[in-house]
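Down below is the structure, laid out as C-alpha cells.
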Amino acid sequence: MISKMMATTALMLLAAGCAGPPPPKPVDAFQGLLNMNSAGVPVDAPVTMGQPVAFITSDNVENYIGGIKDAGEYWSKRIPTALTNTVVLADVDPTYFSAQMLAVLRRHYPNIERVHDFREAVQRGMRGVILVDLKMKWMEPYGDRTNRMHIDFYFFDAGMNPVSKLSGEAEYKVPFAAMEGHVQKITDEALQQIDAKMTTLVH
C-alpha cells in the first residue's frame, strides 16, 4: 500500500512539474496561428456564426495533451505496472478533455470539423472558426495544492476575425495526502460554463 501511494505521489509530482519532464509553459492562444495577441478579443460578446464551422486547438491544448502523455511514458519506465494507481491515471487522461470539448462543440454544431489552421479553414470554405485554448495550473504538493483549469473558446467570423471569447474556469484544492486531483471534475465544470454561454450568446 505504501509503495502504491509513493507511485501515485510521483505521478502527482510529475503533473505539478516537480519531477520528471516539466510541463510546457503557457503561451498566447494565438501563437503560431495569427500575428496578433488574443488579449484584445471582446469577452462574452454575442456572436452569429455562419455555416460550416470548424475548430482549431491552440498550442496550449496540444502541449497539455502531449505533456501528460510524456509524463505517463516517463513514469511507466520507472514505476512497475502493479504499483500504478489506475484511478489517478484515468483522472488525468488527456483524451477526456478532448472528448468533452468535442461533445460541447457538436452539441451546438453537429457537423463541426477540425482544421489545423486558418488557412485550411479558408481553403475548405468555412464560414466560422472556434479556437479552443486551455491553461492548466497543477497543484503544488508543498505549496498551493489547487488544480485549476481555464478554458477559452475564441469565435471567428467568415473573415477569420476574432469577435468574441467565452471562458470557463474551475478548480479543486487537493487535500493533503489525497491521491486524486479531480481533473475530470474541473474539466466538466469549466466546459459546462462555456456550454451555457454558447446557448445564450452564440447563434
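Structure notes:
- Legend: distances between Cα atoms for Lys25/Lys165; Lys137/Lys185; Lys135/Lys185; Lys25/Lys197; Lys137/Lys197; Lys165/Lys185; pairs beyond 20 Å are Lys25/Lys165; Lys25/Lys197; Lys137/Lys197; Lys165/Lys185.
- Maximal additional length on extending the Arg119-Val43 stretch stands at 24.9 nm, based on 0.36 nm per residue less the C-alpha distance.
- Residue list for the stretch 131-150, given a label point 7 angstrom along the Cα-to-Cβ vector of Gln192 and an amide N cut-off under 19 Å: 147-150
- The length gained by stretching the chain between Lys173 and Ser98 to full extension, at 0.36 nm per residue less their Cα-Cα distance, is 24.7 nm.
- Sequence of His116, His150 once ranked by neighbouring C-beta atoms within 10 Å, starting from the fewest: His116, His150
Only the coordinates and a few stated rules stand behind these numbers; no lab work does. Quantities reported herein were computed from a predicted structural model and do not represent experimental measurements. Here the Cβ is made from the backbone with ideal geometry for all residues, glycine too, and neighbour counts use every protein chain on show.
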